[in-house]
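The values are calculated or read from the model by the stated rules, or taken from the named source; none is laboratory data. Predicted model only: the values in this text are computed from it and were never measured. Glycine gets a Cβ as well: all are built from the backbone with ideal geometry, and neighbour counts include every protein chain shown.
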Amino acid sequence: MKMTHRAIPAILIAAVTMVTIVRAYGEIVNTSIAGHAGRIQAIPQTAAAAHRFCVRGPKGLEVNSAIKSLGEELEKLTKDIAIPYGMEEATAMKGKVNPEELEAKIQGMTMEQKMAFAMQMQQQMGYGATTVNQRQAPLIAQCLELNNEAISLNNATKSIERITALKTKYAKTHDDIDKATELSIKACPVLSSGESSETDPACIRAKRLAGADRHIQEANREIKEYAAIYADYSAKLKRLATRVDTLMAKAQYGRAISGTAYKEQFRTLQALTMAKVIEFYSMSRGAIEDTAKWIEQKDVIQKQP
């Protein structure tokens, strides 16, 4: 029974490609991003434990209603409070901004230099110059830092690269197991009865169960590697989300910030961080479904006559 690795969920692709999100009528949302991140299911340590979070759906094995509903809630939250914004500008800026270089540059700046740099970037984005009063200057400077930290999160954790490499490695491993299982079945005896003959069903079943056990052994190794990536990403994301929530509260969700250009920075920060939460959710769900399916495969074989 050949099984393919599940493709990266569409919600993750949406999170990666969506650079900025804003309210259609220009308000920053009063919500706890850290709270949403804290509701995401931690990746279990075994494939059997992952299977307990899954059910058989119309399209095959999938996460249970609680996890699935959370994903739908996160997606609905993003759609209800926001619309994609500035995609043309984001595409144009993508090749011009190196997150690692930007981070190093910002870390060496004074607050005054950070503000001047922020104003320069706003002018490049077409907003023009905006004066900043001393009360909101520290908030805008911190917003600039956190925006860059959100952009750099994947570089800091190498999560996309690590998950892609992990999927590629285990896709080959499971494919090799399937090939070895089919080869072993060819060694099963052929039973004859009168003019008909067939390969011994009991032997085929035993070989497939042996293959299923090998799949589960590899899935147990696989999910532990997923969990390590998750733990690294989780720590950094939750720390970022907590700081973003604190900043948004200090800025009174944009009400304490004057100037459209600077409000846009806060909207962008909230959107980027929320996109990382959706990415985090997809990481968890993908790991659970990718590994639980091998437990399901063995259950199906065991129920066959």
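Conditions tested, residue by residue: (1) at pLDDT below 95; (2) more than 17 Å from the chain's Cα centre (by Cα); (3) part of a helix (DSSP H, G or I).
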site	(1), (2), (3)
Ser184	no, yes, yes
Leu191	yes, yes, no
Gly211	no, yes, yes
Met274	yes, no, yes
Phe280	yes, no, yes
Ile288	no, no, yes
If a residue must be basic (Lys, Arg) and touching a strand residue (DSSP E or B) at 6+ places or on another chain (Cβ under 6 Å), how many such residues does the stretch 250-273 contain?
1
Being surrounded by fewer than 16 Cβ atoms within 10 Å (Cβ to Cβ) and touching a residue at least 12 places away in the same chain (Cβ under 8 Å) is the filter here; which residues of the stretch 239-266 pass it?
Lys250, Ala256, Ser258, Thr260
Among residues of the stretch 228-268, those that are in contact with a Lys or Arg (Cβ under 8 Å, 6 or more places away or on another chain) and under 15 Å from Gln136 (Cα atoms), counted
3
Just wondering, is there one or more residues in the stretch 188-203 that are in contact (Cβ under 8 Å) with a residue 60 or more places away in the chain, surrounded by fewer than 16 Cβ atoms within 10 Å (Cβ to Cβ) and among the charged types (D, E, K, R)?
no
